[in-house]
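Accompanying notes for the structure given below.
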Amino acid sequence: MKTFVIIAALLAATQAGAFERMTQADCAASWEAFNLLMNEGDQGDRREDASVRVTPQGWCAVRGSDPAFRRSRFDEMQWQAEDMARFVNDGIPPLALEFAITGIDPGAMVGSDINTSRPPLTFSATLRQMPQAGQLIVERAELASDAGDVIAGSMVFERLFLSSLSMMQVSMGSVVFKAGLFEMTLTGEHENPFGFGGDLAMRGNPDMQRRAAFDLISQLPQGFVDNASRAELTGFAGELPNPRGTFAMSVNSETGFGLMQVGVFAALEWVDTVENGGLEVLLDGMTLGADWSPSTGQAD
């Protein structure tokens, strides 16, 4: 509940401003600046030559079918922003940004050239910064498949000042995650519908997936997750590898989850982190709440 109150209050404060209608000049300049940033100043990248247009709704847009893309893994990219001049002229983030990428090949999530039966994805997000408070608000980030699977989240980051390149560099050492609300709706039609790689996809080994999940849940510190939420996590894990329903989770950090905790996690092997008390250090000051609502026909 505390996490919900924090995020709800911040969203109410940030959503008052409306996005500016983009002009053709805004779109061309921002696309050029984006490509120069991604290619570290190399002006010879063909993607810069992609045809950028303004949609009737006032968004900038490029199509993945444009000849400038040698091999496209998406259908269309759209974006709009507040104060885009900050990015174009000074190389710092705009005050707010909203974008959507449609028709993403799930194989592109892990750089795979293997075609799968998983349907295309849409990735969208709305981000807004509060400069005076040093906060970045992810109002909503969402990855959705055409089959109806959705994973979404709202997050608050603090101690992040983006007024200049030098302040951005300083902030990289101080930024912390403060709170987040996350929700995942799964139809159960496709295993790993979002194309995530690694241990999240252990095809043909459902028992292995469940055992690994149960083991991790049992290792979570008591101060991080209470018994009720642990039971909800266990219920979700018991439906792997094809859960059907909605899983919701809230995460809150009293002091902020920063680079110190991430450094501990990165310095240790995963097994050492779990078995040698590393999770208690990693998750110190954080709390997690969970709720699993299976679809009709599944056990609650």
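Bear in mind that the values in this text are calculations on the coordinates, not laboratory data. Quick caveat: nothing in here was measured; it's all calculated off a predicted structure. Virtual Cβ from ideal backbone geometry, glycine too; neighbours counted across all protein chains shown.
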- Message: Taking 25 Å as R0, compute the FRET efficiency from the Cβ-Cβ separation of Asp83 and Met172 and round it to 0.05.
- Response: 0.70
- Task: List, in order, the whole-Hz ³J(HN,Hα) value for each residue of the stretch 165-180 obtained from phi through the Karplus relation with A = 6.51, B = -1.76, C = 1.60 and θ = phi - 60°; use x for Gly and Pro.
- Result: 4, 5, 5, 5, 5, 5, 5, 4, x, 10, 4, 9, 7, 9, 7, x
- Once the Cβ-Cβ distance between Arg71 and Ala212 is put in as r, and R0 is 35 Å, what FRET efficiency do you end up with, to the nearest 0.05? 0.50
- Message: Per residue, how big is the convex hull of the stretch 142-251 when only Cα atoms are used? Give it in Å³.
- Response: 141
- Query: How do Ile104, Ile217 line up, fewest other C-beta atoms within 10 Å first?
  - Reply: Ile217, Ile104
- Task: Run the quick spin-label model on Asp291 and Asp146: label points 7 Å from Cα toward the beta carbon, then report their separation in nm to one decimal.
- Result: 3.2
